[in-house]
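Below is one structure; the comments refer to it alone.
The values are calculated or read from the model by the stated rules, or taken from the named source; none is laboratory data. This is a predicted model, so every value here is computed, not measured. A quick note on method: Cβ atoms are made from the backbone with ideal geometry, for glycine too, and the neighbour counts reach across all protein chains shown. Please note that ligands, DNA and RNA were not included when accessible areas were found on the heavy atoms of the full protein model with its side chains. Shrake-Rupley method; radii C 1.70, N 1.55, O 1.52, S 1.80 Å.
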Amino acid sequence: SFVLTARLTRPAQRGPSATVSAALTARARLSFGLRADFQDFEGVDGSSQSTSGISGNIAGEYDVTDRITVSAGYSNIWGGIDLAENYIMNPAWTYPAGGIDPVTAENVYFAASYDTGIWSVDGKVFATQIDNARSASYGGGPGLTTDVESKGFELGFGTTWDGGFFRAGFASVDTKTDGRTADSYTGNYLTMPMGEFLTFQAAHQFGNGLLVGGDVQVALDYDDTYDFATGGQGPTLPGYTVANVFVDYTLPRMPNLTLRAEVNNLFDEQYASRATYGQEFVGEVEPLYEPGRSIRLSAQIVF
């Protein structure tokens, strides 16, 4: 069998795009898309530049057996001129005579999953390469660009039972700028140093309208850092463990009313999220810490 669907759209601020999905066989599925973009850019010095580009993507899935599925995808994206200077416009800037090179990116992934209906295992490897990402600075000028690379993998395990589920995952993400370890100074616009993470989620629905659950995120210590001031090895970013729990109760006589109580950061951990600016600038920048233990009570009525 062969089923083909197509959609042509013209989103606001973008050019025409087309997305096509196809069921090649009972076991194979394919999707691909194409988009054209046009951009007019004017700098703070009054100079102007017009650019355009094509973006494309393709992805497919194949059921090896009734339980094993493999998939892969690739995209080549034209991002135009990134508006980095929204935050740091310097009226004395002079833009390059030849214009600013537009941002482009290539993305690729491979994934596989095994699902019995009761428990599942899955994995994914991915990579992103961004060229000419703008990293403009007030004194350095508007034409500075940086190449960004992000790659890593994810592993997951899950199981379900009557009324509940449990899910565990592990992710490792390595980010680089211009071939070196990423730092949060440049990461203001591009990418933060990340590292390795463990996640756990669980929930159970009782027969009396009560739902309980929670999640835990564990960020492991990360020592592959960069010291922007010295150009050498930076300090180790400390790991952290954050747990959140919740209880939902749906009244039997009012099934459209749900009461919810949740406690976020249950153990009152003092930590800065791994994606927070300034963690590696010891003694220079105090990072913004996430909220401590927080209790929230809410009610929801569905009409």
(request) Tell me which residues, restricted to segment 256-271, are of a type in the set (Phe, Trp, Tyr) and open to solvent by less than 50 Å² (accessible area, probe 1.4 Å). (result) Tyr271
(request) From the list Arg274, Arg253, pick out the single residue that is modelled with pLDDT under 95, of a type in the set (Lys, Arg) and surrounded by 13 or more Cβ atoms within 10 Å (Cβ to Cβ). (result) Arg274
(request) State whether one or more residues within segment 211-227 are within 30 Å of Glu284 (Cα to Cα), among the hydroxyl-bearing types (Ser, Thr, Tyr), outside any strand (DSSP E or B) and open to solvent by 50 Å² or more (accessible area, probe 1.4 Å). (result) no
(request) Could you please tell me which pairs satisfy a Cβ distance under 8 Å, a separation of 6+ or placement on different chains, a first residue in segment 198-212 that is closer than 25 Å to Gly123 by Cα, and a second residue that is surrounded by 14 or more Cβ atoms within 10 Å (Cβ to Cβ) and among the acidic types (Asp, Glu)? (result) Thr199/Asp215; Phe200/Asp215; Gln201/Asp215; Ala202/Asp215
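Condition check ((1) open to solvent by 60 Å² or more (accessible area, probe 1.4 Å); (2) small (Gly, Ala, Ser); (3) not in a loop (DSSP other than H, G, I, E, B)) across all residues:
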{"site": "Ala72", "(1), (2), (3)": "no, yes, yes"}
{"site": "Trp78", "(1), (2), (3)": "no, no, yes"}
{"site": "Asp82", "(1), (2), (3)": "yes, no, no"}
{"site": "Glu85", "(1), (2), (3)": "no, no, yes"}
{"site": "Met89", "(1), (2), (3)": "yes, no, no"}
{"site": "Trp93", "(1), (2), (3)": "no, no, no"}
{"site": "Ala97", "(1), (2), (3)": "yes, yes, no"}
{"site": "Phe110", "(1), (2), (3)": "yes, no, yes"}
{"site": "Tyr114", "(1), (2), (3)": "yes, no, yes"}
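Here is a yes/no grid of residues against (1) out of contact with any Pro (no Cβ under 8 Å at 6 or more places or on another chain); (2) outside any loop (DSSP other than H, G, I, E, B); (3) surrounded by fewer than 17 Cβ atoms within 10 Å (Cβ to Cβ):
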| site | (1), (2), (3) |
| --- | --- |
| Ala127 | yes, yes, yes |
| Val148 | yes, yes, no |
| Phe165 | yes, yes, yes |
| Ala168 | yes, yes, yes |
| Ser172 | yes, yes, yes |
| Thr186 | yes, yes, no |
| Leu190 | yes, no, no |
| Phe197 | yes, yes, no |
| Gln201 | yes, yes, yes |
(message) Of all residues being in a strand (DSSP E or B) and among the aliphatic types (A, V, I, L, M) in segment 39-58, which is surrounded by the fewest Cβ atoms within 10 Å (Cβ to Cβ)? Just the residue, please.
(response) Ile54
